[in-house]
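The values are calculated or read from the model by the stated rules, or taken from the named source; none is laboratory data. A quick note: this is a predicted structure, and the numbers were derived from the prediction, not measured. Heads up, the Cβs are rebuilt from the backbone with ideal geometry, glycines too, and the neighbour counts pull from every protein chain shown. When the accessible area is computed, the model is the full protein with side chains, heavy atoms only, and any ligands, DNA or RNA have been set aside. Shrake-Rupley method; radii C 1.70, N 1.55, O 1.52, S 1.80 Å.
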Amino acid sequence: MSRTIYPRESLSGDPPYLHADYASTRKRSPSKPLVIIPHTLSELTGPVYGHETVQEGDNDLTRQHLGEPLGERIVVTGRVLDEDGRPVPNTLIELWQANAAGRYIHVRDQHPAPLDPNFTGAGRVVTDSEGRYRFTSIKPGAYPWRNHPNAWRPAHIHFSLFGPSFLTRLVTQMYFPGDPLFPFDPIFNSIADERARNRLIARFDIETTEPEWALGYQFDFVLRGRNATPLEDPHDD
Amino acid sequence: MTEARRYGVQPGNPDGVTPSQTVGPFFAYVLTPHEYGTREIFSKDIVTPDAVGHPIRIEGYVIDGDGEPIIDAMLEIWQADGDGRYAGAAPQHGANTAFKGFGRSDVDSNGFFAFRTVKPGQVPGPDGTTQAPHINVGVFARGLLKRLFTRIYFQGEPANATDPILALVPKERRHTLIAARRSRGDDTVYTFNIRLQGEDETVFFEA
């Protein structure tokens, strides 16, 4: 028997709320200090959404339409772990991305790049008993935005994860190795610590790459949570 | 038993928590896809027929530092039922109804949101205390590099006076956490505006 604890120091890699280079943070970041509170039942519990939430095909973004999307086919796989490296099983991952031309289907995306009738860019997957997930997609394109003159986002996939409690909730973005846009992207660089920043870059993996089919990437998510010193429990083996 | 055997796999060796990034402006077609006609797994109406508690609506606007409504935010709520039980929690605190206590909503083109839920009961607090009825809220949006965390408390609730979390909030800012109650027809409506920055800025927590 043991319980999970959530040290606040573990969040030191997170970006600040105000990162002036990312213009949208200027009027949306709190100006007053956050109030630090203890972890009560309300924070230590969380919603449970598992296998019942996904349907066959939700994890293959290349087969959601009549035809196949254009672009470089990819497989992304890895594990969801806690800070001690223990798997987080049966947890929901939601993901969304631009198409190969760098265009989202979202109604407010105005980038004059083509939509792909065979690509929505939305997926869901639930981790298995070992915390593993896997999905198939196409590599998203870079796209321009209006943050500053000639601003382009590096190629990325958005992810939303739950984990076991309110405190483990994570929304983040996964990037691709070697992207020349990294030095210019204020969202990626909002994370001050280079090591923490690099944790958002997937690893190309030839073993995951499927011959004659798709390039493979490995990406592990690490959610908040450590095992506290195990409690004495005679039934624990 | 070793950790590897316990979990049936070799544990990873992570070098730190995966950092947060903004949800961005284009999340709706998967996270809140009601306008896209695709399957939705979360809802802003979380009342189930068997839910314990008084049905309420919670409405408000999400507002930026210029006082302008934010039209691309997403809110998530997490709460106990009317008896103070969290879905999925340890047996002594868990509920056995279909009420999951979790809701998600986007905001409309005016920055307006509305949840339908039940008023939560009291739940245990730290050191043997009891917390006043409250709902945990997560705020996500373009420009928010990580989730903002606040709480909704309820106007007219005597337990607010002894709530151990409200007690940590400077007195002059507590009102930003207390939703105002009114009746509209048969509905009980609580208004809770979320001001990200500036005058009457909502209190946000770090936990």
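Annotations
- Taken across both chains, chains B and A shield about 7600 Å² of accessible surface from a 1.4 Å probe.
- The average projected area of region B:103-202, computed from the convex hull of its Cα atoms over all directions, is 7.8 nm².
- Interface burial in region A:68-86, defined as at least 20 Å² less accessible area with all protein chains than with the chain alone at a 1.4 Å probe, covers A:ARG79, A:GLU83, A:GLY85, A:ARG86.
- Tensor-based shape of chain B (alpha-carbon gyration tensor, a/c under 1.5 rounded, otherwise prolate or oblate): rounded
- Of A:VAL54, A:VAL35, A:VAL75, the one that fluctuates the most in a GNM where chain A has Cα springs shorter than 10 Å: A:VAL35
- Within the accessible area of region A:88-237 (1.4 Å probe), percent carbon and sulfur: 54 percent
- P(r) histogram, all alpha-carbon pairs of region A:1-156 included - 10 Å bins from 0, percent: 9, 26, 29, 28, 8, 0
- Annotation for region B:105-131 versus region A:184-217: alpha-carbon center distance of 36 Å.
- Positive contributions from Lys and Arg (+1) and negative ones from Asp and Glu (-1), summed over other residues with Cβ under 12 Å from the Cβ of A:GLU43, come out at +3.
- Cross-link partners of B:LYS171 among lysines (Cα-Cα below 18 Å; sequence separation of 8 or more within a chain): A:LYS32
- Exposed-site-free run, longest, chain B (rule: GluC sites (Glu not before Pro); DSSP loop; at most 16 other C-beta within 10 Å): B:41-198
- Residue-normalised accessible area of region B:42-205, expressed per residue, 1.4 Å probe, Å²: 39 Å²
- Counting DSSP beta bridges with both ends in the protein assembly as shown, the antiparallel % (nearest 5): 75 percent
- Gaussian network model of chain A, Cα within-10 Å springs - most flexible of A:PRO180, A:PRO144, A:PRO38: A:PRO38
- With 30 Å² as the minimum drop in accessible area between chain alone and full protein complex (1.4 Å probe), the qualifying residues in region B:57-88 are B:ASP66, B:ILE71, B:TRP78, B:TYR86.
- Normalised per residue, the accessible area of chain A is 45 Å², obtained with a 1.4 Å probe and no contribution from ligands, DNA or RNA.
- Near B:ALA161: Cβ cut-off under 13 Å, other residues only, Lys/Arg at +1 and Asp/Glu at -1. The net charge is 0.
- Taking A:SER12, A:SER137, A:SER160 in turn, the Gaussian network model of chain A (Cα-Cα springs below 10 Å) assigns the largest fluctuation to A:SER12.
- Charge sum, other residues only, whose C-beta stays under 11 Å from A:GLU83's C-beta, Lys/Arg counted +1 and Asp/Glu -1: -1
- Here region B:42-205 exposes an accessible surface that is 47 percent carbon and sulfur, computed with a 1.4 Å probe and the other protein chains kept in place.
- Cross-link partners for B:LYS44 among the lysines, with Cα-Cα distance under 22 Å and sequence neighbours closer than 8 places in the same chain left out: B:LYS100, B:LYS119, B:LYS146.
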